[in-house]
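In what follows, a single structure is set out as structure tokens and then discussed.
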Amino acid sequence: MEAVSVAGSGILPRPWALALLMSVTHGGLAETVAPVDGRIGLVLGALNHAIHQTADGKAECPEGFHHTQHDNFVAQFPTEAAREAMLERYIYYTNRGPNGENVFFHPTVIEDPLPLREVQGDVGIGLDLDGKVNPRSFTSPEGLAGIDNQLYRVIGCLPGWRHGGTIEGSLKTEVRSSAKMRMLVELSEVDHTLNDDQITVSVYRGRDGIEVGPDGNLIPFRSQRIDYREGARYIHRMAGRIVDGVVISEPVDMIVPLYGPFNILQEFVLRDARFQLRLDGRGAQGYLGGYYDVERWWLNFTKMWGAHFNADVTGWSAPATYAGLRRLADAYPDEEGNNTAISGAYKLEFVRAFVIHDEAAEGAQVPGAPLAQGVSP
Amino acid sequence: MTGRARRILIVAALVVALGAAGAYLYPRKAPVPAGPPTVKLISQPQYANTVASLFGEDIEIPRQFPPVNRTEGLLSLGNANTAITPVVVERFYRYGQSVASQVFAPGRRGYFMPCTPASATGSDDQCARRFIAPIGRHLYRRALSDAELAGLVGLAGDAASRLGDFHDGLAYVLAAMMASPEFVFIWDNVEEDPARPGEFRLDGYSKASRLSFFLWNSPPDELLLKAAEQGELHSREGLEASVARMLASPRVDLAIRGLFADMLRFDEFENLAKDTVIYPAFGPGVTRDAAEQMLRTIVDHLVTREGDYRDLFVTRDTFMSNALAAIYQVPISPSQDFVPHRFPADSPRAGLLTQVGFLAIHSHPGRSSPTRRGEGVRETLLCQPVPLPPPNVDFSNFEDPAGEFKTARERLVRHSSDTACANCHLITDPIGLGLENFDGAGQFRMTENGATIDASGVLDGVGFEDPATLGEAVRQNPATTECLVERMFAYGVNRPVAAPERPLIQRLNKGFARDGYRVTGLMKAIVLDEAFFAVAVPRDPPADQLATAR
């Protein structure tokens, strides 16, 4: 098995012996985690927002789920006659602004009559981004305190974002079907897969398809070429370490390309983004956390996904949600002291892959460059 | 197909069936061991190579031909000892129709037609003759007689008139030629040997076919047919010249592919299926590529590098495809297919036995099989037949997934405690257990059910520790090279090696050793040996039967 042959590392003992040692000492887990030439390649197989939810939702959403766009439309125009008049004049029920503005594109022109039902309580998942425990931070079901995930407070009671909702399904489909959001993570300079205080974590976009086995899972150990066609835009490199089998990377600002419905590109700007991934026999799973630029996030989920999709399919209401985002934003204040970014995380699943480099193309890139101009809000 | 043609084929089939067995009743007086003249059904690769050489590689033909019985380890010998049914006859006619319709498709026929017919909607004997004569000569692997040619030209004209299309008429004749026993069977024709009055020899065309199908797995080309017509293949110098030319041709690759695909039982890939829930990475592309990987490795090592045959069992060099890379867990650029690949020195992969193809076909759909793998090594590589299991075997210990035994070794030890089973399992299992680091899909593993796999063992007195050193043990085994010599000789002369030919095989094996176990050298030694063309012909009734059948 080539996965255990670590030619050239010089640090590791004979790979067979190493794999045997690890399989004995760690229940066989490490056998397929072993790096190749000090590298562990991963390809993204699933992505969703880090949302903790109970079966009936009553713990985190005691008042019920968020009022929909239609609920707010009815509340805003309480009589049949008023609604008919509004539709007669402005055609569609998302155009609820005083002058017929579409409230997804102009979420501040009115206040929703029904307030946002944000997540209650302190149980949530994600990452501790600032190393602090504060009144609004969450504690994971496993007891990890200080989790920063205010985006979850905003969207955790919106049915479209919860597990089984439209957004999750769409992301799952797009991650698998579109190479345009093929996220690759490569760990390099890995000497030990359980604890290693100095590794490098690189993020690339891949350009090859992924193959799903009959069990619905991705087939591991396929090869993926790096997509250099966008230059360094989606290439990020950061220092990292492995602690008890969990990869932790240092924060960098990152552009995360995602494709939504209708094959429309979205680029999420995630500040102080960092990975926390537990390596396992097939690949890794965990979080990519950071602070979402609020305006960029809003742009992606409103204008790009479209008002019709949001209002009719996902069912959420724009003014209350936008107000929630602004109110709960917790980082990167602007000159007036208003926060412009909100903590959050993606929950990720990777399978092992081989990341194929093209040295000539790579030499021309500048990995780890600051955010490209025009992408920042 | 006419009723007459069908009758001819059925008679021919009887001759094929009777010929091989009957001829040994008439021992040849010549000093060289000799077998009977054979009549051999053309194989799928030989058919494909014939069509490709005449009409190009883009003509599609069926991937599978009707099955024949494997005889003495080779399907090729089954082809020389088979009876064909009317259904098979019709099938060959359909194959011919398919080829003919592709050849005479409006966009393609211009490449093959040497002339323009006087009328597109009727007959033109002169133009038809210019197509039929050369194509018929290559299909029948001999010049057509005047009567044959006239008959076929007449048939083309008749068909063109009835069908209202000159090219449809020619297509009809092409399909008929490709269903003819003259094409479907590769015949040994004999003639009086002028150097040894009263004895017989293969005629020039038969020698050309025997040479060509052995060295190229293809029919004779124009130069070889001319050499046959001019009697050059009956002289040592002429034969050596043709052999030298043929061995320098890239078509030798086809012969190596044909022989090893047959010898290593590649027909089993056609029905190979794995449980993809257990082995998700083993998709349909893997099956195809696993066979191709083995063939590429073999051709590269034996022909391109002119390597030592024994090193096939230890070589680290192979070729890798995108589908296979996930099974081998090695990187490959997904934009490429089949790139050279070298396993590092500390990899457990070394040699053919550790390739996915060998491991997978000698396994069960959902788990490995040390017994099947051991049997595969014994039968295909060492020419040592393994008896079939008795019908009343108790598999319960082996099959019980909740049993106390974690590894195949533990299960087989229990299985072998039954002395009735042990005798055969001792032949196979120690070899197969040396490959237990590979699961039923050929994927590497260190453990089975949490227990560390012990892949050590002994092969005919030579110990090994792991799959790579098992390959070394096979490499050192004297039966390994003698088996290839035996298979190759039998493959070349279309009959099993007989007891009187043992010294010949040993002599060829010694020459093989002196030549550094180069397989192309062995091929040359075989065709230049007097025994290659030696033929013993019964003088009495069977010869008459043969003439009647023709």
| For region B:280-292, which residues satisfy the criterion of being in contact with a helix residue (DSSP H, G or I) (Cβ under 8 Å, 6 or more places away or on another chain) and at pLDDT 95 or above? | B:289, B:290, B:291
| task | Determine whether residue A:202 is within 14 Å of another protein chain (Cβ to nearest Cβ), part of a strand (DSSP E or B) and among the hydroxyl-bearing types (Ser, Thr, Tyr). | result | no
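Would you confirm, using the coordinates I've provided, whether residue B:309 is in contact (Cβ under 8 Å) with a residue 24 or more places away in the chain and within 14 Å of chain A (Cβ to nearest Cβ)?
Details: in contact (Cβ under 8 Å) with a residue 24 or more places away in the chain: yes; within 14 Å of chain A (Cβ to nearest Cβ): no.
The answer is no for residue B:309.
Can you report the number of residues in region A:41-92 which are over 26 Å from residue A:120 (Cα atoms), of a type in the set (Ser, Thr, Tyr) and not in a loop (DSSP other than H, G, I, E, B)? Even if it seems obvious, please write down each step before you answer.
The initial filter retains those residues of region A:41-92 that are over 26 Å from residue A:120 (Cα atoms), namely A:41-46, A:77-92.
From the residues that got through so far, the ones that are of a type in the set (Ser, Thr, Tyr) too are A:79, A:90, A:92.
With the extra rule that they be not in a loop (DSSP other than H, G, I, E, B), the set shrinks to A:90.
Number of matching residues: 1.
Would you check if residue B:276 is modelled with pLDDT of 95 or more and among the hydroxyl-bearing types (Ser, Thr, Tyr)? Please lay out each step first, then the result.
On the way: modelled with pLDDT of 95 or more: no; among the hydroxyl-bearing types (Ser, Thr, Tyr): yes.
When the stated conditions are applied, residue B:276 does not pass them.
Aromatic (Phe, Trp, Tyr), assigned to a strand (DSSP E or B) and more than 13 Å from the chain's Cα centre (by Cα): does that describe residue A:332? Steps first, please.
Working: aromatic (Phe, Trp, Tyr): yes; assigned to a strand (DSSP E or B): yes; more than 13 Å from the chain's Cα centre (by Cα): yes.
The answer is yes for residue A:332.
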| task | Please indicate, with yes or no, whether at least one residue in region A:146-155 is in contact with a helix residue (DSSP H, G or I) (Cβ under 9 Å, 6 or more places away or on another chain), in a loop (DSSP other than H, G, I, E, B) and within 25 Å of residue A:272 (Cα to Cα). | result | no
| said: Pairs please, first residue from region A:288-301 and closer than 17 Å to residue A:152 by Cα, second anywhere and in a helix (DSSP H, G or I), Cβ atoms under 6 Å, 6+ apart in sequence or on different chains. | reply: A:294/A:325
| query | Can we say residue A:82 is away from chain B (no Cβ under 14 Å), of a type outside the set (S, T, N, Q) and under 30 Å from the mean Cα position of the chain (by Cα)? | reply | no
| task | Pairs only if they're at least six apart or on different chains, beta carbon under 7 angstrom, first in region A:65-94 and touching a residue at least 60 places away in the same chain (Cβ under 8 Å), second β-branched (Val, Ile, Thr); list them, first residue then second. | result | A:69/A:94; A:94/A:103
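Identify all residues within region B:138-176 that are outside any helix (DSSP H, G or I) and either outside the structural domain of residue B:92 (by TED's automatic domain parsing) or charged (D, E, K, R) (or both); write none if there are none.
Once the filter is applied, which keeps residues that are outside any helix (DSSP H, G or I) and either outside the structural domain of residue B:92 (by TED's automatic domain parsing) or charged (D, E, K, R) (or both), region B:138-176 yields B:141, B:142, B:165.
With the condition kept exactly as written, say whether any residue in region B:92-101 is of a type in the set (D, E, K, R), farther than 30 Å from residue B:486 by Cα and free of Cβ contacts under 8 Å to residues at least 12 places away in the same chain.
Of region B:92-101, the ones of a type in the set (D, E, K, R) are B:94.
Those still in the list that are farther than 30 Å from residue B:486 by Cα too: B:94.
With the extra rule that they be free of Cβ contacts under 8 Å to residues at least 12 places away in the same chain, the set shrinks to B:94.
Scanning region B:92-101, I find at least one residue that is of a type in the set (D, E, K, R), farther than 30 Å from residue B:486 by Cα and free of Cβ contacts under 8 Å to residues at least 12 places away in the same chain, so the answer is yes.
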| query | Can you tell me which residues in region B:441-452 are modelled with pLDDT of 95 or more and either more than 36 Å from the chain's Cα centre (by Cα) or more than 13 Å from chain A (Cβ to nearest Cβ) (or both)? | reply | none
| message | Quick check on region B:411-446: of everything there that is under 19 Å from residue B:471 (Cβ atoms) and without any contact (Cβ under 8 Å) to a residue 12 or more places away in the chain, which residue is surrounded by the fewest Cβ atoms within 10 Å (Cβ to Cβ)? | response | B:445
| Which residues, taken from region B:275-302, are out of contact with any Ser or Thr (no Cβ under 8 Å at 6 or more places or on another chain), more than 10 Å from chain A (Cβ to nearest Cβ) and hydrophobic (A, V, I, L, M, F, W, C)? | B:286, B:290, B:291, B:294, B:295, B:298, B:299
| Residues (closer than 21 Å to residue A:222 by Cβ and assigned to a helix (DSSP H, G or I)) located in region B:267-291 | B:284, B:285, B:286, B:287, B:288, B:289, B:290, B:291
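Hand me the list of helices (runs of 4 or more DSSP H) wholly inside region B:293-410 holding 3 or more residues that are surrounded by 22 or more Cβ atoms within 10 Å (Cβ to Cβ) and either at pLDDT 95 or above or touching a helix residue (DSSP H, G or I) at 6+ places or on another chain (Cβ under 7 Å) (or both). Spell out the reasoning first.
Working: elements: B:322-328, B:356-361, B:370-376, B:396-399.
Result: B:322-328, B:356-361, B:370-376.
Can you find, within region B:453-477, the residue that is modelled with the highest pLDDT among those that are over 24 Å from residue B:327 (Cα atoms) and in a loop (DSSP other than H, G, I, E, B)?
B:477
Yes/no matrix, rows are residues, columns are (1) surrounded by fewer than 20 Cβ atoms within 10 Å (Cβ to Cβ); (2) in contact with a helix residue (DSSP H, G or I) (Cβ under 7 Å, 6 or more places away or on another chain); (3) under 30 Å from residue A:353 (Cα atoms):
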{"residue": "A:256", "(1), (2), (3)": "no, no, yes"}
{"residue": "A:269", "(1), (2), (3)": "no, yes, yes"}
{"residue": "A:277", "(1), (2), (3)": "no, no, yes"}
{"residue": "A:286", "(1), (2), (3)": "no, no, yes"}
{"residue": "A:293", "(1), (2), (3)": "no, no, no"}
{"residue": "A:311", "(1), (2), (3)": "no, yes, no"}
{"residue": "A:324", "(1), (2), (3)": "no, yes, no"}
{"residue": "A:332", "(1), (2), (3)": "yes, no, no"}
{"residue": "A:335", "(1), (2), (3)": "yes, no, no"}
| Taking the stated definitions as given, is residue A:187 more than 14 Å from every other protein chain (Cβ to nearest Cβ), in contact with a His (Cβ under 9 Å, 6 or more places away or on another chain) and among the aliphatic types (A, V, I, L, M)? | no
| message | Given the condition outside the structural domain of residue A:259 (by TED's automatic domain parsing), within 21 Å of residue A:327 (Cβ to Cβ), of a type in the set (Phe, Trp, Tyr) and modelled with pLDDT under 95, answer yes or no: does some residue in region A:84-104 qualify? | response | yes
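Restricting the search to region A:215-232, which residues are at positive phi, more than 7 Å from every other protein chain (Cβ to nearest Cβ) and in contact (Cβ under 8 Å) with a residue 40 or more places away in the chain?
Across region A:215-232, the qualifying residue is only A:231.
Residue-by-condition table, conditions (1) assigned to a helix (DSSP H, G or I); (2) in contact with a helix residue (DSSP H, G or I) (Cβ under 8 Å, 6 or more places away or on another chain); (3) more than 30 Å from residue B:326 (Cα to Cα):
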{"site": "A:158", "(1), (2), (3)": "no, yes, yes"}
{"site": "A:209", "(1), (2), (3)": "no, yes, no"}
{"site": "A:223", "(1), (2), (3)": "no, yes, no"}
{"site": "A:232", "(1), (2), (3)": "no, no, no"}
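The values are calculated or read from the model by the stated rules, or taken from the named source; none is laboratory data. In this text the structure is predicted, and so the values were computed from the model without any measurement. Ideal geometry is used to build each Cβ from the backbone, glycine not excepted, and the neighbour counts take in all protein chains shown.
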